[in-house]
Amino acid sequence: MKILLLALRSLRREWHLPELRTLAASLVLAVVALGVVATLTARMEHGILASAAELIGGDLGVSAPQDLPEKFADAARERGLAMTHTAGFPSVAFAQQQSQLLEVLATDTAYPLRGTLLIGDAQGRQRVGHGPAGGTVLLDHRALVALHRQVGDSVQLGGRDLRIAGELVQQPDGGELVAMAPRALMNLDDAQQAGLLGVGSRARHSVLLAGNPSAVQSWRQWAQSTPLPPGGELITPEQTQERMRNAFDRAGAFLRLTALLSALLSGVAIALAAQRYARRKTSEVSLLRALGTSRARVLGLLLGTLGGLALPAAAIGVLLSLALAEAAWMFASQLFAGVPTELPTLPSLAAAGMGVAVLAGFALPPLVRLADVSPVAVFRASLARQIRRFDALYLIPAAVALALIWSLSDSVRLAGILAVSLSGVAVVAAGLAALLLWIARRITPGGHPALRLGMAALARRRGLSIVQATALSLGLTALLLLAIVAPALLDGWRQELPADTPNWFVLNLQDDQRADFSKSLAQIGADQLNMMPLAVGKFTAINGRPIDQIAFKDPRTKDWNDRQLRLSWSDSLPPSNTIIAGHWFAPHPAEAEVSVDTMWRDMYALKLGDTMRFDVGEGQLDAKVTSFRHVDWTSFRVNFFLLMDPLHANALPHTWIASFYLPRGHTEALAGLSRTYPNLSLVDVDALLDRVREIVQRVTGAVRWVLGFSLLAGALVLAAALATSGQERRHEAALLRTLGARRGLLRIAAACEFALLGLIAGITAALGAMIGGWWLGRSVFHIKDFMPHPWPLALAALLAAVVVMLLGLAGTRKVTHTPPMRLLRAE
Amino acid sequence: MQVNTGESFAIVGASGSGKTTLLGLLAGLDTPTRGSIRLDGHSLEQLDEEARADLRRRLVGFVFQSFHLLPALTAEQNVMLPLELEGNPAARERAREALAAVELSGRRKHYPAQLSGGEQQRVAIARAFVHRPRILFADEPTGNLDRRTGRHVCDLLFALNRDHGTTLVLVTHDLQLAERCVRRVELQEGKLEPLA
């Protein structure tokens, strides 16, 4: 207790020391950077998840191929969550002479809990509604056309007559691109009474929940620790379509990377300030030791001072980060209109914990070594300056950095790449700095006095210069990494959904309609027309053995065996498909060939050379597997698991599926087209595209905000790191002024010194960021063909030199403007 | 008060009497609020800080009580400083000569922390005369040294004064040291009184 009081008193007396202030400021900055980023990230992730929840109709859910045990609903009720039950299944609807297979979703009237169910009436007006009441059904446009029905008519579903209460315009559909079968929404009780959900039905039952985020999280934790029924799975916003998930994953990784690099930057600044503080305290510690203070007591005193500094600084950091996060949210929240998000305090508190860990990790080694100062040093200062070549204590900051990378990156690959890149940069920067300093010392004697003075100053403070160059290189690498990856990431997202992405799909196009339909489309201004043949059949055998007699490990096969299979064919490999094994079809293959997507290959354990049998219409077709394809399902194109060779597949009974882009506002013309070709089903995916674009826009906005804050934090920490050597120069500049050096000379000398320092840092950082950025971009953010351009990086290296020079000059300005007399007296 | 070329001049006085302030004014480190100071014909109060710095570089050498050697530089590098400021290409050779003159050739690669107090002050003297200043200001040059070392340092200062005709202005409270100067004044309550 006594020692703590002593430490606090010492802290109060030493508070004027710039190193202590830098230490405190670095900690505040670290906590603010981590806290703001973490708070904003938490809020934006919440916002992003909330918009994903709109796609699944609830915050969270659980589904299974049979009725769900009541405990799932009970657990939700206990937590005060709103609930809706649904069941999805295929069923045939009848209307007079017509019949049509529909994809039916039976729901209670609470559906959907999140997102919008858009219903059209007989007059074409649209309203937002809920699941249909008993005795009614909602049919989508295709179902209405196929069954020749209109709103207000009735259809028979599961043996019951149901009145069509409206047209199903839009429903929370998990972000599915285009449902192949027409859709219907009916009442859950009706489905039950009609026996559609009984034993042997292929219905998938779900419970969806929504409510207070903490209650939802609590239910999620409970459900994750509860055994699910056979075939059951949790429905989470993260599981919405692949293309959304990609954006979330990459955005999350990027936000974490940004926070992590900010924390490491602060660590670098803290390490520099602590080193300086330890040097300043050396004579005091040797005096204390000489006066009989034990090493343990000295250490306690130093740690007490550090603790006394850390706690209020961390508290200020937390308050500032909360205030800044709230202010930033006021600007950013428009991106998440309608998403309620309370200010989370946990990320800021966690940031304070991390900040204190960074402070301890980076500041401890010099302070612990300080306690080792010999009492004899009181007589001979040189004894206090003995530096160990290798000090195991300096593994602590490395370990803290690794722990931070590990805890924040959430990905072994990201952590590995960062650790390797940053260590590489540190080693190269230190080596390059040592080499350039060695060269500078030898080539400068003939140069301008200012240049010689600057170089000499750097070379004489060799150790500090190398530490500074390394620290600056690491800081710049962090900033450049973000600067390289962010635009490529944002561009990548934008490129995934260019403005002319096909926004309409046409199903059921017949062979003889193709030419005329294409012409008509061109006349109304449609573009990007792409047609693919479509045959519907069943997959029945592998190498002559019926698939229902083969035991597959993958449980999904059971589901797929029952489904209708869609086959297509093409002369050339479609875009967004890549052959990963085997070869694409030769022009005239002797026997039928099939190219298989990797998911099907894995599901059915297929090998090249296997023969797959398909029943299509009345006939049967055996096709040899000649290639496996990787399909990019995130592209907005029509893709198929199975592609046949055209020579053999052309004879199969088929229709055509087409996609095209039609600028908005042409729907009238399209309606005319629809009347000319009444058999066609036209599907508008603009709404879905809009939702995906909106989410991408939200994610992009989130990244920009967080990036802006991190860059600012990075720049501030960088400036703090530079300032730590300011004191070192003060005495030197004062003496040089006394000896008659002009201000201009000192300024140019400082400019040369800082420019060289900046150049070393810039070159190393540019190289490090180029290699690290390339690596991160390719293997963590999956940016296609990513290659950072060297010229902007070279420019950035030069710019870094200029910025470091200017910051350095700004730091020495005060020194060169103070009368030398006052400086000497202040020493 | 006037100090003539080649003269040795001592300013004595009690602690806090303003000796160092006066020295700073004489050397052009600061400017007087009232009155006038002329150094080699230049009115210091009419020159700006830059011009005074030029004048110091050309004419003035300094020796301080606490040596003011730069800790990161070796003895030789410390001595080279004034010549580097002039852009003198022979700085290293001249610095070595100066160190030899104060009998520290063997310590030129040592850092200040590795030198004794007397050695540090001799390095400071070498730095003070390496660029052949016309006037040398010394602020309590023996204040941090033992009597014998102090005497040795003073011998060096007076040898410079004698051999090179360098004007020596020193501030001290050591009357024995002051007595070695040709002229002596005492600063008392802001007034200079000649000492017998």
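Here is how the numbers come out for the structure above:
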read-out: Gap separating the Cα centres of the range A:606-648 and the range A:729-766, nearest whole Å; value: 70
read-out: Computed lengthening from A:Leu670 to A:Asn543, 0.36 nm per intervening residue step minus Cα-Cα distance; value: 41.1 nm
read-out: Of the trypsin sites (Lys or Arg not before Pro) in the range A:578-637, those whose Cβ has at most 15 other Cβ within 10 Å and which sit in DSSP loop; value: A:Lys607
read-out: Cα-based helix-to-principal-axis angle, B:91-101 vs chain B, degrees rounded to 10; value: 80
read-out: Most to least packed among A:118-126, A:354-362, A:6-14, A:98-106 [average Cβ atoms within 10 Å]; value: A:354-362, A:98-106, A:6-14, A:118-126
read-out: All lysines inside 26 Å of A:Lys814 as judged from Cα atoms, apart from same-chain residues fewer than 8 positions distant; value: A:Lys281
read-out: Over chain B, volume per residue of the alpha carbon convex hull, in Å³; value: 118
read-out: Bridge type composition, the range A:85-204 - antiparallel percent by DSSP, nearest 5; value: 75
read-out: Hull volume in cubic angstrom per residue (convex hull over the Cα atoms of the range A:1-119); value: 221
read-out: Stretchable slack from A:His789 to A:Arg295, in nm (0.36 nm times residue separation minus alpha-carbon distance); value: 172.4 nm
read-out: Given chain B, longest segment not containing exposed loop trypsin sites (Lys or Arg not before Pro) (DSSP; at most 10 other Cβ within 10 Å); value: B:110-196
read-out: Reach of B:Lys191 by Cα under 19 Å, taken over lysines that are not fewer than 8 positions away in the same chain; value: B:Lys19
read-out: Mean Cβ count within 10 Å, highest first, over the residues of peptides A:298-310, A:423-435, A:26-38, A:752-764; value: A:26-38, A:752-764, A:298-310, A:423-435
read-out: 19 Å Cα-Cα reach of A:Lys538 towards lysines, excluding residues that sit fewer than 8 places from it in its own chain; value: A:Lys558, A:Lys624
read-out: Rg over Rh, two decimals, the range A:85-204 (C-alpha only, Kirkwood Rh); value: 0.92
read-out: Efficiency of FRET from Cβ geometry, A:Ala419 and A:Leu118, R₀ 41 Å, rounded to 0.05; value: 0.25
read-out: Highest to lowest packing among A:509-517, A:269-277, scored as the average C-beta count within 10 Å; value: A:269-277, A:509-517
read-out: Two-decimal Rg to Rh for the range B:133-196 - Kirkwood Rh, Cα set; value: 0.97
read-out: Using a Förster distance of 45 Å, the FRET efficiency for A:His782-A:Ala110 (Cβ separation, nearest 0.05); value: 0.70
read-out: Whole-number D in µm²/s for the range A:761-808 (Stokes-Einstein; Kirkwood sum over Cα pairs; 20 °C, 1.002 mPa s); value: 189
read-out: Exposure rule at most 13 other beta-carbon atoms within 10 Å, DSSP loop GluC sites (Glu not before Pro): chain B longest free segment; value: B:1-102
read-out: Percent of alpha-carbon pairs separated by more than 14 Å within the range A:585-666; value: 69
read-out: Cβ-Cβ FRET estimate between B:Glu193 and A:Lys814, R0 fixed at 41 Å, reported to 0.05; value: 0.55
read-out: Volume per residue that the Cα convex hull of the range A:527-661 spans, once the total is divided by residue count, Å³; value: 112
read-out: Chain lengthening between A:Ser518 and A:Leu346 when straightened (0.36 nm per residue, less Cα-Cα); value: 56.1 nm
read-out: Share antiparallel - DSSP beta bridges, the range B:8-194, percent rounded to 5; value: 25
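FYI, it's all coordinate maths here, none of it is from the lab. Being a predicted model, the structure only gives us computed values, none of them experimental. In this analysis, Cβ positions are derived from the backbone assuming ideal geometry, glycine residues included, and neighbour counts consider all displayed protein chains.
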